[in-house]
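Single-structure report; data block below.
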Amino acid sequence: MLITLQELELHRVTASETYAPGALDFQETKFRQAEPLAVNAEAELAGKEIRVRGHISGALEAACDRCLEQIRIPVALDFDLPYRPMEEIALEEEVEIVEDELMIGFFSGDGVNLADVVREQVLLSVPMKIVCRPDCRGLCPVCGENRNDKECDCSLQYEDSPFAFLKKN
Ligand SMILES: [Zn+2]
Ligand SMILES: [Zn+2]
């Protein structure tokens, strides 16, 4: 759904959308959309900016960084963000943009695409490091066994392991 400047000039816009798995493009990321993502949003014009606020809920899925097990990552977030016309960027000091990067969005053309807002906000909210549990032991680098499930007998090749000294004694 496109929230257009044209409509916002007349009145504030409210929107409720549900994005089925696959509806939003997470292909360039390590996340998958396994469940619907729902958004309730309200947009209004604030000068040249479009202010969008709302709530997003649902869940993503990603592989644990250590053991590759798929984990569900619940999403429940509130957002409140001004979107600036892309054309304005050229007029701004570069430094200023870097500072405000996370607090401002940009739109080009006729308005803000709600699907882009949802995708962006969801990606900002999920952790950079994905682990199924804090003490996940990961895959054995030698045999590939998931060490959470099964202890293997491989000798550790990586001597920089914090426990490497134990083996030497
Ligand atoms: Zn894991
Ligand atoms: Zn092994």
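FYI, it's all coordinate maths here, none of it is from the lab. Only a predicted model underlies this, so the values are computations on that prediction, with no experimental measurement involved. No Cβ is skipped: glycine too gets one built from the backbone with ideal geometry, and neighbour counts run over all protein chains shown.
A few comments on the model shown:
- Applying the condition of being of a type in the set (Asp, Glu) and not in a strand (DSSP E or B) to the range 31-75 and asking which residue is surrounded by the fewest Cβ atoms within 10 Å (Cβ to Cβ) yields 65.
- Among the residues of the range 131-151, those that are part of a loop (DSSP other than H, G, I, E, B), near ligand 1 (Cβ under 9 Å from one of its atoms) and among the hydrophobic types (A, V, I, L, M, F, W, C) comprise 131, 132, 136.
- Top-ranked residue of the range 118-143 - restricted to ones that are farther than 24 Å from residue 57 by Cα and touching a residue at least 24 places away in the same chain (Cβ under 8 Å), ranked as farthest from ligand 2 (Cβ to nearest atom): 136
- Residues (outside any strand (DSSP E or B) and surrounded by 15 or more Cβ atoms within 10 Å (Cβ to Cβ)) located in the range 9-30: 21, 24, 26
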